[in-house]
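The values are calculated or read from the model by the stated rules, or taken from the named source; none is laboratory data. Only a predicted model underlies this, so the values are computations on that prediction, with no experimental measurement involved. Because the Cβ atoms are built from the backbone with ideal geometry, glycine has one as well, and the counts that use them run over all protein chains shown. Side chains included, ligands, DNA and RNA excluded: accessible areas come from the protein's heavy atoms. Shrake-Rupley method; radii C 1.70, N 1.55, O 1.52, S 1.80 Å.
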Amino acid sequence: MDWYAEDALALGELDRELGELGRSPSEYYIVRQAIFETADLEYGSLVQFSEAALQSGAAALAARTTIVTDIPMVQVGIAPKLQRTFSNPVYCGIEALTRPQRSKSQAAWGVETLARRYPEAIFVIGQSASALASLVETIESEDINPALVIATPSGFAGGDILKERLNDSRVPHIRSAGRKGSAIVAVAIFNALLDLAWQGYAHGETAIDENGLDLR
């Protein structure tokens with residue numbers, strides 16, 4: 001990521017306030033970026049990583065795996081950096097062509113349609129709890145096997161339960177635990193992971209250890 005002098009000062013202050021989080025270097029990099037974009041230190045504990053999430057996500061990015069988002073804001077937020085790096089194709093649930101469906105939101109039906117079309121995609125669900133519900137249900141039915149799911153919708157209508165169901169699914173994922181979350185957080189997490197994956201790719205380092213991507 002390109003940093004300016006004021007960004008470096010802000011990150012230095014953030015590091016001092018965060019202290020020791022007990023994270024691997026790569027996890028810390030991602031969590032710190034989520035906090036930097038939101039100014040909310042609580043994400044230091046709320047951002048959770050499943051086993052092998054970073055390894056699977058980085059490998060999928062390097063393989064130019066398709067990416068599916070729930071809303072245009074997420075698609076627009078991740079597209080510029082993707083265009084400068086791996087150039088993965090990106091599709092948005094709300095903009096997907098689907099047949100009319102009254103029982104689900106456009107985002108939910110669009111994400112489900114794209115999931116069946118790209119069952120091993122990277123899914124970045126930043127805002128729509130209904131889209132996450134459709135995705136989790138499709139995963140639970142064993143119809144798809146995503147390379148990575150980034151799930152950060154906020155809400156009081158069972159969003160926290162959906163993210164726990166995602167955790168139970170054993171699919172590689174990064175999530176914001178509890179009720180907090182936003183599209184901004186999803187974009188920050190994805191772009192930070194993309195930074196790490198591109199750095200490893202540029203240095204010819206495709207192997208990732210159990211602590212995540214090597215930040216040497």
Next item on the list: On the full set of protein chains, 1.4 Å probe, figure out the accessible area of Asp40 and give it in Å² to the nearest 10.
Entry: 40 Å²
Item checked: Additional length obtainable on full extension of the chain from Glu95 to Arg170, 0.36 nm per residue less Cα span -> 24.2 nm
Checklist line | trypsin sites (Lys or Arg not before Pro) within region 10-79, DSSP loop, no more than 14 other Cβ atoms inside 10 Å | finding: Arg64
Notebook entry, point to check: Hey, what angle do you get for helix 72-84 against the long axis of the chain, alpha-carbon based, 0 to 90 degrees rounded to 10?
Noted result: 50 degrees
Check: How much net charge surrounds Ser141 when only other residues with a Cβ under 13 Å from its Cβ are counted (Lys, Arg +1; Asp, Glu -1)?
Finding: -3
Note to self: If I build a Gaussian network model for the chain, linking alpha-carbon pairs within less than 10 angstrom, which residue out of Val76, Val136, Val171 has the largest mean-square fluctuation?
What the structure shows: Val76
Checklist line | Set of lysines near Lys81 by C-alpha distance (under 28 Å), chain-local residues within fewer than 8 positions excluded | finding: Lys163, Lys180
Note to self: Quick check: at a probe of 1.4 Å, how many percent of the accessible area of the chain sits on carbon and sulfur atoms?
What the structure shows: 51 percent
Checklist line | Accessible heavy-atom area order of His203, His173, highest first, probe of 1.4 Å | finding: His203, His173
Note to self: Please compute, over every Cα-Cα pair in the chain, the percentage with a separation greater than 31 angstrom.
What the structure shows: 15 percent
Next item on the list: Mind running the shape call on region 53-149? Use the C-alpha gyration tensor, a ≥ b ≥ c as the square roots of the eigenvalues: rounded below 1.5 for a/c, prolate if a/b tops b/c, oblate otherwise.
Entry: oblate
Margin query: Give the average over all directions of the projected area of the C-alpha convex hull of region 23-77, one decimal, in nm².
Written below: 4.7 nm²
Check: If one takes the longest principal axis of the Cα atoms in the chain, at what angle in degrees, from 0 to 90 and to the nearest 10, does the Cα axis of helix 106-117 lie?
Finding: 90 degrees
Next item on the list: Specify the angular offset, from 0 to 90 degrees and rounded to the nearest 10, of the alpha carbon long axis of helix 129-140 from the longest principal axis of the alpha carbons in the chain.
Entry: 80 degrees
Next item on the list: State to the nearest 20 debye the size of the charge dipole of the chain about its Cα centre, where the only charges are +1 on K and R beta carbons and -1 on D and E beta carbons.
Entry: 800 debye
Next item on the list: Hey, can you find the accessible area per residue of the chain for me, probe 1.4 Å, expressed in square angstrom?
Entry: 48 Å²
Next item on the list: Write down the percent of antiparallel bridges among all DSSP beta bridges whose residues are both part of the chain, to the nearest 5.
Entry: 25 percent
Notebook entry, point to check: What percent do you get for the relative contact order of the chain when only Cα pairs under 8 Å and 6+ apart count?
Noted result: 26 percent
Margin query: Could you compute how much accessible surface Thr38 exposes when probed at 1.4 Å, giving the result in Å² to the nearest 10?
Written below: 40 Å²
